[in-house]
Amino acid sequence: MEGNGHSPENEMNDPGKLFVKTFGCQMNVYDTEKIYAFLQDSYVPAASEEEADVIILNTCSIREKAEQKVYSLLGRIKPLKDVKPNLLIGVGGCVAQQEGERILRRSPAVDIVFGTHNVDELPRLLEERIKFGKRVCRVREDTGTVPTSDAPRVMGSKRATALLTIMKGCDNYCAYCVVPLVRGREASRPAPEILDEAIFLVENGVREITLLGQNVNSYHDPDTGAGFVSLLESMELVPGLERLRFVTSHPKDFSPELAHAMADLSSVCEHIHLPVQAGSDRVLSAMKRGYSSRQYMDKIELLTKLIPEVEFTTDFIVGFPGEKRVDFERTLDMLSVVKYQNAFSFRFSPRPGTAAAAMEDPVDAEVKRPWLPELQNLQNQVTAEKHQNMVGREVEVLVESVDKKKSCFLEGRTRTNYIVHFPGDSALIGQMVQVKLASSRTIHLIGEMVN
Ligand code: SAM
Ligand code: SF4
């Protein structure tokens, strides 16, 4: 056998060990599960990088920091090759799609680079690397389909909850965003394929599914043209599926029909992640988001009217090119009015190839620097207040896992997305339990089971 690779004979008798490190969003978490599935005939999961025969980095390029993390991890795992010369290192995901061959040039330890449209080719690429000993870079053009659709059906890492990708790519071209460049055009999976996967998951014990897409509200069955509401109605009929969530909803495509469906369908949870990005109309327009702050608020008000207990979470970008203090204050206003349960907030990061990367910014970076912590402090206060308001209530919790920090505690979630910790036995994972909330912490609530 040429080159450094896991020996094929070894593969036949004794499967190798695979470690996939996920960067970024839930879509990457789902793709990582599919990478394990595609390679399940030859590799079993490894507990750490150190024990792996193959390490795959499933990367994210949404912000510069995410990209830097990939290169610093590559630097850290490179010495593993000194102790295990047959170790293979692969880089996939958005950074791979964008950087391609450059990764091979910059990081000699990398054996395989595969783009976002090549995930399904990974078993072949590994084989190629092992057989021919040459480093491989395969970054193909957009195929117009969801590349993980044909992955063998396997259960994800969690037992009670699962992610399910319904579409890939994005056609929105928000001025700051690299997703359309690295994930390609939007394409939806046929509904029957999604429903089959959902039935498989529920038959294997899953009680809550989160549908995934960059803009789920514009989902369209490629064969029938049926939209997202119709998909939710079909999911409602999956026997045994108790909770249904979806991310991400683009506010411009969030229709009153969808708000009514959320209120009417009993499986759909009373929580929605509705990324606003900014509160200023000037900034929203420069971002090319396709809605005004008033239009966004109309959707929030309709949802609150139809589902009084609904909780909102969001994403904010702070310091977009040309954003002034007066604009930033509109974002603070939005936060205070909506009272988000939680928010992911980011400093604007110019991404290569996006419209915003080429925009002039007359506002001094030093002026903007304190804005992100200011926003985060305000959100923390709102979150703390909301958590405090929950104390004393009894809630239904789907038990998801053992608390990572305290093994005699369990962790679960309410339908409205509050994270709850409480003492209990791991046999309860996958069960719905009633919990009386006794106190609150920064990101979770603490309680006691009542039955
Ligand atoms: N498709 C979703 C939407 O439109 O709301 C979001 C997708 S993106 C993977 C997740 C979040 O990353 C965005 O909502 C945005 O807040 C943030 N983000 C994207 N590009 C960014 C950039 N260049 N700088 C800072 N944050 C960014
Ligand atoms: Fe990016 Fe905008 Fe598409 Fe979301 S909707 S993925 S922010 S381009």
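The values are calculated or read from the model by the stated rules, or taken from the named source; none is laboratory data. What you are looking at is a predicted structure, and each value in this text was computed from that prediction instead of being measured. Quick reminder, even Gly has a Cβ in these numbers, built from the backbone with ideal geometry, and neighbours come from all protein chains shown. All accessible areas refer to the heavy atoms of the entire protein, side chains included, with ligands and DNA or RNA removed. Shrake-Rupley method; radii C 1.70, N 1.55, O 1.52, S 1.80 Å.
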Inset, instruction - Return the lysines within reach of K299: Cα separation strictly under 22 angstrom, same-chain partners fewer than 8 residues apart disregarded; answer none if there are no such residues. - result: K252, K288, K339, K386
Legend entry - Cα gyration tensor of region 316-370 - equivalent ellipsoid semi-axes, whole Å, descending: 22, 14, 9
Inset, instruction - Would you please state which residues of region 32-49 a label at S426 would reach in this model, taking the label point 7 Å out along Cα→Cβ and a backbone N cut-off of under 19 Å? - result: 45-48
Inset, instruction - Give the Cα extents of region 328-451 along the principal axes, in whole Å, largest first. - result: 60, 30, 22
Inset, instruction - Using only Cα atoms, figure out Rg for region 398-448 and give it as a multiple of 2.2 N^0.38 Å. - result: 0.98
Inset, instruction - Return one quarter of the surface area of the convex hull spanned by the alpha-carbon atoms of region 282-325, equal to its mean projected area, in nm². - result: 3.8 nm²
Inset, instruction - Could you point to the residue in A187, H444, S234 farthest towards the positive end of the chain's charge dipole, with +1 and -1 charges on the Cβ of Lys/Arg and Asp/Glu respectively? - result: H444
Inset, instruction - Could you tell me which of rounded, prolate or oblate describes region 176-286, using a ≥ b ≥ c as the square roots of the eigenvalues of the alpha-carbon gyration tensor, with rounded for a/c under 1.5 and, failing that, prolate when a/b is larger than b/c and oblate otherwise? - result: prolate
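About the Cα centre of region 337-433, how large is the charge dipole given +1 on each Lys and Arg Cβ and -1 on each Asp and Glu Cβ? Please answer in debye to the nearest 20.
Here the size comes out at about 100 debye.
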Legend entry - Burial order of peptide ranges 371-378, 196-203, 177-184, 359-366 (average beta-carbon count within 10 Å, highest first): 177-184, 196-203, 371-378, 359-366
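Roughly what % antiparallel, to the nearest 5, for the DSSP beta bridges in the chain?
Bridges in the chain are about 35 percent antiparallel.
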Inset, instruction - List the equivalent ellipsoid semi-axes of region 240-393 in whole Å, largest first, each obtained as the square root of 5λ for an eigenvalue λ of the Cα gyration tensor. - result: 29, 19, 13
Legend entry - Label point distance in nm, Q40-T143, each placed 7 Å from Cα along Cα→Cβ: 1.9 nm
Inset, instruction - Calculate the spin-label point distance for F132 paired with E394, positioning each point 7 Å from the Cα along the beta-carbon direction, and give it in nanometres. - result: 6.6 nm
Inset, instruction - Report the full-extension gain for the segment R124 to K436: residue separation times 0.36 nm, less the Cα-Cα distance, to one decimal in nm. - result: 107.1 nm
Inset, instruction - Calculate, in nm to one decimal, what Q376 and R294 gain on full extension: separation in residues at 0.36 nm each, minus their alpha carbon distance. - result: 27.2 nm
Inset, instruction - Within region 321-338, find all residues whose amide N lies under 18 Å from a label point positioned 7 Å from the Cα of D364 along Cα-to-beta-carbon. - result: 321-328
Inset, instruction - Sticking with the crude label model, points 7 Å out along Cα→Cβ, report the distance from R185 to A357 in nm, one decimal please. - result: 2.2 nm
Inset, instruction - Choose one of V310, A66, P256: the residue whose Cα lies farthest towards the positive end of the charge dipole of the chain (beta-carbon charges +1 Lys, Arg; -1 Asp, Glu; about the Cα centre). - result: A66
Legend entry - Cβ-isolated cysteines (cut-off 4.7 Å), the chain: C25, C60, C94, C137, C170, C269, C408
Inset, instruction - From zero up to wherever the largest Cα-Cα distance of the chain sits, split into 20 Å bins and tell me the percent of pairs in each. - result: 23, 56, 21, 0
Legend entry - Cβ-Cβ FRET estimate between L195 and N451, R0 fixed at 35 Å, reported to 0.05: 0.60
Legend entry - By accessible area with a 1.4 Å probe, ligands and nucleic acids excluded, highest first: order of I419, I194: I419, I194
Legend entry - Lys, Arg +1 and Asp, Glu -1 on Cβ, resulting dipole of the chain about Cα centre, debye, nearest 20: 1320 debye
Legend entry - region 1-154: proportion of alpha-carbon pairs further apart than 18 angstrom, %: 54 percent
